[in-house]
Amino acid sequence: MAGKTFLREATGLVREIGAFDAFATNFAVLSPGLGIVQLFTYAAVAYPRSDVVLGMTIALLPVVLWGIAYTYMSIASARTGGDYVWISRVLGAPIGFMISWVLLIVFFIIVGLNANLFATFYLSPMFLVLGHLSGASSLETLGASLGTPEMAFLLGSLVIIVIGAVAIFGLKYAMTLQRILLIVGVVGLVVIVGVLLSASVSQFSALFNAYASQYGLSYDSVIKSAEGAGYVPGFLLAATFMTLPYSSMMYGGFAFNVYAGSEIKNASRTQPIAILGCLVIGWFCFVIIGLGAYQAFGQDFLGAIGYLAANAPSEYTLPLIPTLPYLIGILANNIALTTVVEIGMMTWVIIIQIAYFIILPRLMFAMAFDRCLPAKVADVNERYHTPVKATLITIVFSIVGLYLFTFTTIFALLSNIILALTVVWLVAGVTGSLFPYRRKETFEAAPGFVKIKIAGVPLLTISGIVTVVFMIIASYFAWVASPLVNNLVIVGVFLSGLILYYVIRYVQSTRGVQLEYLFKEIPPE
């Protein structure tokens, strides 16, 4: 019978994630210090005249209901693999495998993307600005070289390998490093907020002019050149709504600890704090930093400089794209303060990578435990209690993701990555809406607050439906924002997952394993 059931009777993982670490993992992936940079770099540029802070606020209500759905399912079915387990047990194995296959590929790309940003968005502007402030041309030269694709790939690969090595030696070490860096990152955010809120547009304009004059630019010339290239200043509500796909991605880390469900202590008490608390605190961080950026730099200037860099590169002569770390470094105008600000923001890249190295191996582990990936992937090291082989796979394919993001344009706009994620979360919403009916015994065995009903309908079902509606809207906006060929790549990834499942099912049937029966059961802890 062993060949016809789960890989083994227990996962071998240990419940060692407490409330703070569960929250920290979610907050690390939500990553306000990184997410706000991506919002202003991608969303604000893709949709001129949008207000990304308002976009994050508009998205908050549906996202909270999305958070309730994940909170309830993570309590009712606290298993390693998270939404992979729920989707495959509610909607069926083919859909569950397909969705998780897509997540694996997208997560590898995201880890690679974040590794790239370590050099291009953080290290490079830090040394450029420090070189300007100190008068050391060698630092400016170093800063410019760190922004090249080759250096981004080299340093990004190093970040991936080092963090992967830490993850291999045990969850305890990874969580300890995450705690320490989270403190550094939060202190950095506080300093950044102080710098932004204490500044004015006139103050920044003078500092920017002093810095950018060597490149033939000024604050006013940036706006004038952008207008000449087609930029229209002001606010447009429709453009703000178009940023919702980016908002969904920025919030998306709020529940990533569900992939380590079997290792979370006292899920019924831990998850509401770790998930919903992460959402509220994350929203506050995005809003306060975003409002500070608008106050210090001017909303029209931020829109103009991003537009100019993207649409009239010949007239944008600064050595780097205008990211928030770059502009904040110019605003700080002090060697010590600039160093603190840049290191504080840079820390979030490391924090989020640690979280992904906790998450990704456990998602692969869950799929292997269900016999949908090779059994070796689910091996747990007896000494470190970690899925070492799955972690090594994560290192290799994250470097592949880094290469694709650095040297190709397939994922350059992020919109097709967001398209994949919003479709995944749409399916998760369908799962939540059906969970009380398709997994009735599991639902009825959950704590009382999970079974709350409104007008006779489970709150979990209502939350799932709202999630579906929100993700349909976000998916549509993401689809129209990305070139058709890039969207078709994502469609191909989904289809490849579906095809691969049936190939795996056939192979396993020749070994006496009937996957369709296995997926009728919840995996052991």
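Just to be sure before I move on: is Ser221 exposed (fewer than 14 other Cβ atoms within 10 Å of the Cβ), more than 22 Å from the chain's Cα centre (by Cα) and either modelled with pLDDT of 95 or more or in a helix (DSSP H, G or I) (or both) in the structure I sent?
The answer is no for Ser221.
Quick one: would you say Ile183 is within 27 Å of Thr409 (Cα to Cα), aliphatic (A, V, I, L, M) and in a helix (DSSP H, G or I)?
In short, no.
Would you check if there is a residue in segment 312-332 being over 24 Å from the mean Cα position of the chain (by Cα) and aromatic (Phe, Trp, Tyr)?
yes
Report yes if some residue within segment 339-350 is over 25 Å from Ala115 (Cα atoms), touching a helix residue (DSSP H, G or I) at 6+ places or on another chain (Cβ under 6 Å) and buried (at least 24 other Cβ atoms within 10 Å of the Cβ); otherwise report no.
no
Each row is one residue, and each column tells you yes or no for (1) buried (at least 16 other Cβ atoms within 10 Å of the Cβ); (2) touching a Gly at 6+ places or on another chain (Cβ under 7 Å).
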{"position": "Asn114", "(1), (2)": "yes, no"}
{"position": "Phe121", "(1), (2)": "yes, no"}
{"position": "His132", "(1), (2)": "yes, no"}
{"position": "Leu142", "(1), (2)": "yes, no"}
{"position": "Ile161", "(1), (2)": "no, no"}
{"position": "Phe169", "(1), (2)": "no, no"}
{"position": "Lys172", "(1), (2)": "no, no"}
{"position": "Leu189", "(1), (2)": "yes, yes"}
{"position": "Ser202", "(1), (2)": "no, no"}
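To keep it simple, each residue is scored yes or no on (1) modelled with pLDDT under 90; (2) under 30 Å from Ile321 (Cβ atoms); (3) of a type outside the set (Asp, Glu).
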{"position": "Phe443", "(1), (2), (3)": "no, no, yes"}
{"position": "Val450", "(1), (2), (3)": "no, no, yes"}
{"position": "Val485", "(1), (2), (3)": "yes, yes, yes"}
{"position": "Tyr506", "(1), (2), (3)": "no, no, yes"}
{"position": "Ile522", "(1), (2), (3)": "yes, no, yes"}
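Of the numbered conditions (1) touching a residue at least 60 places away in the same chain (Cβ under 8 Å); (2) under 30 Å from Ala229 (Cα atoms), Pro313 satisfies every one except a single condition; which is it?
(1)
Please find, among Ile452, Ile465, the residue that is among the β-branched types (Val, Ile, Thr) and touching a residue at least 12 places away in the same chain (Cβ under 8 Å). Please lay out each step first, then the result.
On the way: Ile452 fails: touching a residue at least 12 places away in the same chain (Cβ under 8 Å).
When all the criteria are applied, what remains is Ile465.
Would you confirm, using the coordinates I've provided, whether Val513 is more than 24 Å from Ile410 (Cβ to Cβ), of a type in the set (A, V, I, L, M) and modelled with pLDDT under 90?
Against the criterion (more than 24 Å from Ile410 (Cβ to Cβ), of a type in the set (A, V, I, L, M) and modelled with pLDDT under 90), Val513 qualifies.
Taking the criterion of being of a type in the set (Asp, Glu), surrounded by 22 or more Cβ atoms within 10 Å (Cβ to Cβ) and either at pLDDT below 95 or over 26 Å from Val400 (Cβ atoms) (or both), would at least one residue in segment 78-85 satisfy it?
The answer is yes; a qualifying residue exists.
Of everything in segment 98-112 that's buried (at least 23 other Cβ atoms within 10 Å of the Cβ) and farther than 20 Å from Leu392 by Cβ, which residue is farthest from the chain's Cα centre (by Cα)?
Restricting to residues being buried (at least 23 other Cβ atoms within 10 Å of the Cβ) and farther than 20 Å from Leu392 by Cβ, the top hit is Met98.
Does segment 415-422 contain at least one residue that is surrounded by fewer than 24 Cβ atoms within 10 Å (Cβ to Cβ) and hydroxyl-bearing (Ser, Thr, Tyr)?
Within segment 415-422, not a single residue is surrounded by fewer than 24 Cβ atoms within 10 Å (Cβ to Cβ) and hydroxyl-bearing (Ser, Thr, Tyr).
Mind checking whether some residue in segment 286-307 is surrounded by fewer than 24 Cβ atoms within 10 Å (Cβ to Cβ), out of contact with any strand residue (DSSP E or B) (no Cβ under 6 Å at 6 or more places or on another chain), outside any helix (DSSP H, G or I) and not acidic (Asp, Glu)?
yes
What's the total number of residues in segment 473-502 that are closer than 20 Å to Val45 by Cα and among the aromatic types (Phe, Trp, Tyr)?
Result for segment 473-502: 3.
The values are calculated or read from the model by the stated rules, or taken from the named source; none is laboratory data. The structure displayed is predicted, hence computed values, not measured ones. Because the Cβ atoms are built from the backbone with ideal geometry, glycine has one as well, and the counts that use them run over all protein chains shown.
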